[in-house]
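Take a look at the structure set out below.
The values are calculated or read from the model by the stated rules, or taken from the named source; none is laboratory data. The structure presented is a predicted model; accordingly, all values stated were derived computationally and were not measured. Here Cβ is always computed from backbone atoms with ideal geometry, including for glycine, and neighbour counts include all displayed protein chains. To get the accessible areas, we keep the full protein, side chains included, count just its heavy atoms, and leave off ligands, DNA and RNA. Shrake-Rupley method; radii C 1.70, N 1.55, O 1.52, S 1.80 Å.
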Amino acid sequence: MGMLSFLTGRTFPRGVHPPGLKEATRDQAIRRLPFAPRLVLPLAQHFGKPSRPVVKRHQEVVRGQVIAEADGFQSVPLHAPVTGVVEGIELMPTARGPKTEAILLRTLPGDSQAVRWSSPRDLSGLSREELIRAIQAAGLVGQGGAAFPTHLKYAVPEGHGVDTLVVNGCECEPYLTTDHRIMVEQAQEVLAGIRLALRAVGADQALIGVEDDKPDAIAALQAQIGPDDPIAVRKVKAKYPQGSEKMLIKALLKREVPSGGLPFQVGVVVNNAGTMAQLGRLLPLGEGLIERVITVAGPGVERPGNYRVPVGTPLRYLLEHVGFRGDDASHLILGGPMMGNTVSSLDVPVTKAVSGLVVLPQAQADAAPETIHPCIRCGRCVEACPVGLNPAELGRLAAKRRYETMQERFHLSDCFECGSCAYVCPANIPLVQYFRIAKALNRERLS
Amino acid sequence: MTPLQIELKTSPHVKQGGSVQQIMRNVVLALLPICGFSVYHFGISALALMLVTTLTCVATEQLFNRLSRRPATVSDYSAVITGLLLALTLPPAFPLWMAALSGFIGIALGKSLFGGLGFNLFNPALIGRAFAQGAFPSAVSTWTLPGHPERFTEFLPSTLAVPFTTPAPVDAYTAATPLGMWKFQGEHAETWDLFTGMVAGSAGETSALLILVCGLYLIARRMMNWRIPAAVLGGAFVTAGAFYLLDPGHYPTPWFVLLSGGLMLGAFFMASDMVASPMTRSGLWLYGALIGFLTVIIRFFGGLPEGVMYAILLGNAASPLIDRFIQPRPYGTGKRRAS
């Protein structure tokens, strides 16, 4: 690493190489699906305070209209993804498990579904604060999975100068190709978004990190960069988890975000490429975030591909339209197979930050042996952990329930559950699950 | 159309696909050519020795699993490895009853009492070998010349010694090892003979070339960390080289030190026991170098011609300490953590 990076490509230390499995979707254009007859719109689709509903039961709404407003600065509004009728506000299942409040919206079948709630505007005169307000009003949250409100990232605390906007086009999870297709097909919008983001955050330069297995995306982006743009595309090595923001900052800038800290502390703001495309498209039109691109893939899908769907589309509807060919006990994973959650119900909707639905039939999911062996201290997990933790030692302590030692001496809270350790473990130890439990119990103990 | 039942699992949902059995099976596979060469060299006595130690080790593991009501672990091949390794460190004409007892001690005291696979502090094969060294000092240092004409039809006389008797060495068969010749007679073996293995020695210690090839196979398949053999051999080479430069007349060349005795087998197949070695890269370098250094010191200054076994056992003993002080540096902490 370091001086040898011209040989190996820019990257971070350690990590793993799961097979990409992107062939089925990466070369296909993004397609649209019909509108689902009923949408489920959770009020807490983002990190922060849930949105506050501003519609009533039986109220008719048009596509693009605000149906829930931001509850303070730590929140974002929610816009109606279809023209239709509010059926009610009810507790509905979510990907994370517990039921949360959601607006149920019945789609009006005869409607043209044109966006009727936009206010195109000239953004050139806006100040930083005005831009940040406009981004919040668009309901924009990180499209990569974390769902962090974008405007909050740009409101960097006083005294911290951000010099670099890092745009994350790595997409290192197997199967997922949404960002890849967006960079290829919407490079212009990605660049427009980056220019706006540079102004909103007050950074000097933008670096777009793209893994070296996406040459077409790199070319498409480069073609859109003007001579005066302080923007550059940087090829990084295809390796998991290159798309984790801390790993990408390390690869591109050789900086390390302090343990427990945020990127702005080292002068960086990181945004997903898909978020930049939404920003570049929505802000000039004055529209809100009402749809997104999602990769639907895996052996249990008949027509894998990238689909542009309204936010709130239930997975059941999505699966019916892409052709489900899994078995009764298929695993439905929201996100990628390394970090995604299996869903508990088909009524779970596609929310703003869901980038993929991966369907693994039982046989495929259980291909790995289920027997858990004792740790043989082979050290593969230590060689894999991108954060530089010792997963074997953490696992040993977890088995002994020494959760406090895990935190105090072995930096448990720095683990972001990327799954690299469990992926390589020949003893099949469910390390990530151990760590989740340990973190949860530590949180409980402290509260 | 859509699934009726939904499986809930936690991430990651994909696995690389390796398993403990796969690693252990490959170690057995890598040991087989060395075993084969040994049988070719020393005949059916070496074969019987390997069978007896392996069967004893497997049976002992099974017995202790029964006694402690743990699930059977014989299928993970680790006891087979212990048995084969133990046989490879013993003289080919070692009495079988002594070999069986050593195998039992290796697994029982070296592994099962610690809690089985993954919990042993020391390499179990070396515990068995250390027991043999202490209990049967004469038999464990009686060596045989390779290539005896009747080796495939007749057992070496001492192999079939009646249990609880110690056979007297038969001069027609015995020979000194190159290390012994250097230690006690001041004679040097030819480097090339050491490399190819045309010398007397333990059943599996004689051909450096073959051990190197088999070790490289495991390294290429990423089932052995190359840093361990590299550090052991490097540590031994540097230490021996320093002594040689000080007094070339008295000390052997570093090449002789590398290729003679059990150093190659120890570096590639004994020190590399994952369970008993440190986990981090720097820890492995330190551990290996320590073993190499100790081997040379024991060989040059100890009462015995060979020191690999004790050096590795001491390295094993130091591993938990090394792991305690050398840990990876977590991202964003800016300093190496030692606690």
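In region A:293-303, how many residues are surrounded by 23 or more Cβ atoms within 10 Å (Cβ to Cβ) and either within 14 Å of chain B (Cβ to nearest Cβ) or under 23 Å from A:E87 (Cα atoms) (or both)? So the answer is 5. Considering region B:6-104, the qualifying helices (runs of 4 or more DSSP H), each wholly inside and each with 1 or more residues that are open to solvent by 50 Å² or more (accessible area, probe 1.4 Å) and aromatic (F, W, Y), run over B:20-42.
Residue by residue, here is whether (1) surrounded by fewer than 18 Cβ atoms within 10 Å (Cβ to Cβ); (2) assigned to a loop (DSSP other than H, G, I, E, B); (3) more than 9 Å from chain B (Cβ to nearest Cβ) holds:
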position: A:T371; (1), (2), (3): yes, yes, no
position: A:R396; (1), (2), (3): no, no, yes
position: A:S413; (1), (2), (3): yes, no, yes
position: A:A422; (1), (2), (3): no, no, no
position: A:I437; (1), (2), (3): yes, no, yes
position: A:N442; (1), (2), (3): yes, no, yes
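Within region A:21-50, track down each residue that is in a loop (DSSP other than H, G, I, E, B) and free of Cβ contacts under 8 Å to residues at least 60 places away in the same chain. Can you show your working first?
Filtering region A:21-50 down to residues in a loop (DSSP other than H, G, I, E, B) leaves A:21-22, A:27-30, A:33-37, A:43-50.
Within region A:21-50, A:D27, A:A44, A:K49, A:P50 meet the criteria.
The residue that is nearest to the other protein chains (Cβ to nearest Cβ), among those in region B:113-130 that are in a helix (DSSP H, G or I) and open to solvent by 60 Å² or more (accessible area, probe 1.4 Å), is B:F114. Pairing each residue of region B:25-49 that is touching a residue at least 40 places away in the same chain (Cβ under 8 Å) and of a type in the set (F, W, Y) with any residue that is buried (at least 18 other Cβ atoms within 10 Å of the Cβ) and in a helix (DSSP H, G or I), provided the two are 6+ apart or on different chains, yields C-beta distances under 6 Å for B:F37/B:L210. Take region A:153-197 and flag every residue that is open to solvent by 20 Å² or more (accessible area, probe 1.4 Å), in contact with a strand residue (DSSP E or B) (Cβ under 9 Å, 6 or more places away or on another chain) and over 25 Å from A:Y307 (Cβ atoms). Within region A:153-197, A:K153, A:V156, A:D163, A:R195 qualify.
The set of residues in region A:304-316 that are facing chain B (nearest Cβ under 10 Å) and open to solvent by 30 Å² or more (accessible area, probe 1.4 Å) contains only A:R316. Summed over region A:109-142, the residues that are surrounded by 17 or more Cβ atoms within 10 Å (Cβ to Cβ) and touching an Asp or Glu at 6+ places or on another chain (Cβ under 8 Å) give a count of 3. Applying the condition of being within 24 Å of B:H250 (Cα to Cα) and touching a Phe, Trp or Tyr at 6+ places or on another chain (Cβ under 9 Å) to region B:282-298 and asking which residue is nearest to the other protein chains (Cβ to nearest Cβ) yields B:G292. Screening A:E69 with (1) in contact (Cβ under 8 Å) with a residue 40 or more places away in the chain; (2) over 22 Å from the mean Cα position of the chain (by Cα) gives one miss only, at (1). Within region A:174-186, residues that are without any contact (Cβ under 8 Å) to a residue 40 or more places away in the chain reach partners that are crowded, with 24+ Cβ neighbours inside 10 Å with beta carbons closer than 7 Å, at six or more positions or on different chains, in the pairs A:V184/A:A217.
The set of residues in region A:247-285 that are out of contact with any His (no Cβ under 8 Å at 6 or more places or on another chain), open to solvent by 20 Å² or more (accessible area, probe 1.4 Å) and in a loop (DSSP other than H, G, I, E, B) comprises A:K254, A:R255, A:E256, A:P258, A:G260, A:L262. One residue stands out in region A:325-345 among those that are open to solvent by 10 Å² or more (accessible area, probe 1.4 Å) and more than 16 Å from the chain's Cα centre (by Cα): the one that is farthest from the other protein chains (Cβ to nearest Cβ), namely A:R325.
Of the residues in region B:307-327, at least one is facing chain A (nearest Cβ under 9 Å) and farther than 24 Å from B:G106 by Cβ. Exactly one residue out of A:E408, A:E383 is in a helix (DSSP H, G or I), touching a residue at least 60 places away in the same chain (Cβ under 8 Å) and within 23 Å of B:S282 (Cα to Cα): that is A:E383. Taking each residue of region B:56-76 that is in the same structural domain as B:A100 (by TED's automatic domain parsing) and charged (D, E, K, R) and looking for partners that are at pLDDT below 90 and crowded, with 19+ Cβ neighbours inside 10 Å with beta-carbon atoms closer than 6 Å, six or more apart or interchain, yields B:D76/B:V20. Comparison of A:R401, A:R409 shows that the only residue that is open to solvent by 50 Å² or more (accessible area, probe 1.4 Å), more than 10 Å from every other protein chain (Cβ to nearest Cβ) and farther than 26 Å from B:S19 by Cβ is A:R401.
So that you can scan it fast, the table gives a plain yes or no per residue for (1) at pLDDT below 95; (2) away from every other protein chain (no Cβ under 14 Å); (3) within 28 Å of A:A137 (Cα to Cα):
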| position | (1), (2), (3) |
| --- | --- |
| A:Q188 | no, yes, yes |
| A:I194 | no, yes, yes |
| A:G202 | yes, yes, yes |
| A:D228 | yes, yes, no |
| A:Y240 | yes, no, no |
| A:V270 | no, yes, yes |
| A:M276 | no, yes, yes |
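Of the residues screened, B:S277 is not one that is assigned by TED's automatic domain parsing to the domain that holds B:S319 and in contact (Cβ under 8 Å) with a residue 60 or more places away in the chain.
If you check A:A392 against the conditions, is it surrounded by 18 or more Cβ atoms within 10 Å (Cβ to Cβ) and either assigned by TED's automatic domain parsing to the domain that holds A:G261 or in a helix (DSSP H, G or I) (or both)? Yes: the conditions hold for A:A392. Starting from residues that are surrounded by fewer than 21 Cβ atoms within 10 Å (Cβ to Cβ) and out of contact with any helix residue (DSSP H, G or I) (no Cβ under 7 Å at 6 or more places or on another chain), keep the ones in region A:231-244 and report whichever is nearest to A:V269 (Cα to Cα). Restricting to residues being surrounded by fewer than 21 Cβ atoms within 10 Å (Cβ to Cβ) and out of contact with any helix residue (DSSP H, G or I) (no Cβ under 7 Å at 6 or more places or on another chain), the top hit is A:A232. Considered as a group, the residues in region B:153-168 that are of a type in the set (G, A, S) and modelled with pLDDT of 75 or more include one that is surrounded by the most Cβ atoms within 10 Å (Cβ to Cβ), and that residue is B:S158. Confirm whether B:L259 is within 21 Å of B:G118 (Cβ to Cβ) and either of a type in the set (A, V, I, L, M) or more than 21 Å from the chain's Cα centre (by Cα) (or both). Criteria not met by B:L259.
The lone criterion from (1) surrounded by fewer than 17 Cβ atoms within 10 Å (Cβ to Cβ); (2) within 12 Å of chain A (Cβ to nearest Cβ) left unmet by B:M279 is number (1). Among the numbered conditions (1) open to solvent by less than 30 Å² (accessible area, probe 1.4 Å); (2) farther than 22 Å from A:A137 by Cβ, the only one that A:I67 does not meet is (2).
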